[in-house]
Every structure is written in structure tokens, then in C-alpha cells.
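> To start, I am sharing the structure in question, which I have written as C-alpha cells.
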Amino acid sequence: MYIYNVTINIEETVHDEWLNWMKEEHIPDMLATGKFSKALLSKVLVEEEMGGVTYSVQYTTSNKQTLQKYYDEDADRLRSESNRFAGKFVAFRTELEIVSERNG
């Protein structure tokens with residue numbers, strides 16, 4: 001299993017609009033590609049010197065090939081939908097491979 005993690009710092013001036021967009025539009029659109037089995041949206045509890053509010057979104061996918069298909073087929077289109085918030089956020093992306101998982 002793989003996790004496609006996107007960490008976003010969003011300016012407070014558009015925070016509420018952005019958070020609603022993420023929950024109601026963007027995350028459902030990501031899941032609708034059929035390439036991710038689930039999404040987890042988390043608020044980062046460390047305050048950044050630059051201000052704003054930071055979130056992590058983790059999308060779970062079955063393998064590296066499926067993640068590559070997302071990049072090839074969907075990433076440009078879905079990323080462009082965030083243009084309405086251009087200049088109001090910074091984002092970085094990380095690929096993670098799940099090595100071990102346990103439930104308590």
C-alpha cells in the first residue's frame with residue numbers, strides 16, 4: 001500500500017472557503033478517479049512562522065503503478081481546480097510506502 005500525502009498551508013483569509021471546497025469537492029473528486037481507496041484529512045497542530053493553517057491529506061492507493069496512473073491521467077486537471085486559491089497557499093507532496101500496519 002502507498003500513501004500520497006499532500007501538505008497544504010492555507011491563508012486564514014480563505015481558510016473556511018478552502019476547507020469546505022476540500023471536503024465537499026476536491027477530496028470527493030480525488031476518490032472519484034478510482035485510484036484511491038480512502039482519504040484522511042488532518043489539521044497539523046504545529047503553528048507555522050509564516051502563519052496560516054496547515055493540513056495534511058493522505059490518499060491511500062494499492063500500488064505505485066496506480067499512483068503513477070493518477071499522475072498521468074488526473075493530477076494536472078485536479079491540481080488546476082485549486083487555481084481559485086492561487087497565491088493563498090503553499091503545498092508539497094510526499095509519497096509514502098506502508099511498511100507495517102497494526103490495529104490496536
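Bear in mind these aren't lab numbers, they're just calculated from the coordinates by the rules spelled out. Just so it is clear, the structure is predicted and the values come from calculations on it, not from any experiment. Neighbour counts run over all protein chains shown; Cβ positions are idealised from the backbone, glycine included.
> So what is the orientation-averaged projected area of the chain, using the convex hull of its C-alpha atoms, in nm²?
Across all orientations, the chain yields a mean hull projection of 7.4 nm².
> Mind checking which of Thr60, Ser82, Leu31 is farthest towards the positive end of segment 31-104's charge dipole, using Cβ charges of +1 (Lys, Arg) and -1 (Asp, Glu) about the Cα centre?
Toward the positive end, the furthest listed residue is Leu31.
> Any idea how far apart Asp72 and Glu97 come out in nm if each label point goes 7 Å out from Cα toward Cβ?
Placing both labels 7 Å along Cα→Cβ, they lie 2.0 nm apart.
> Less than 11 Å Cβ to Cβ from Lys35, Lys/Arg counted +1 and Asp/Glu -1: what total charge do the surrounding residues give?
Taking every Cβ under 11 Å from that of Lys35, the sum is -2.
> If packing is taken as the mean number of other Cβ atoms within 10 Å per residue, what is the order of 8-18, 85-95, highest first?
Working: 8-18: 15.6, 85-95: 12.6.
Packing proxy ranking, top to bottom: 8-18, 85-95.
> Spin-label point model (7 Å from Cα, Cβ direction): what's the Gln65 to Glu25 distance in nm?
Modelled inter-label distance: 3.4 nm.
> So what is the relative contact order of the chain, in percent, for Cα pairs below 8 Å that sit 6 or more residues apart? The partial results should precede the final answer.
Details: 139 pairs, mean separation 48.9, N = 104.
Computed over the chain, the figure is 47 percent.
> Over the chain, how many pairs of lysines fall under 14 Å by alpha carbon, counting only those 8 or more apart in sequence or from different chains?
Total qualifying Lys-Lys pairs in the chain comes to 4.
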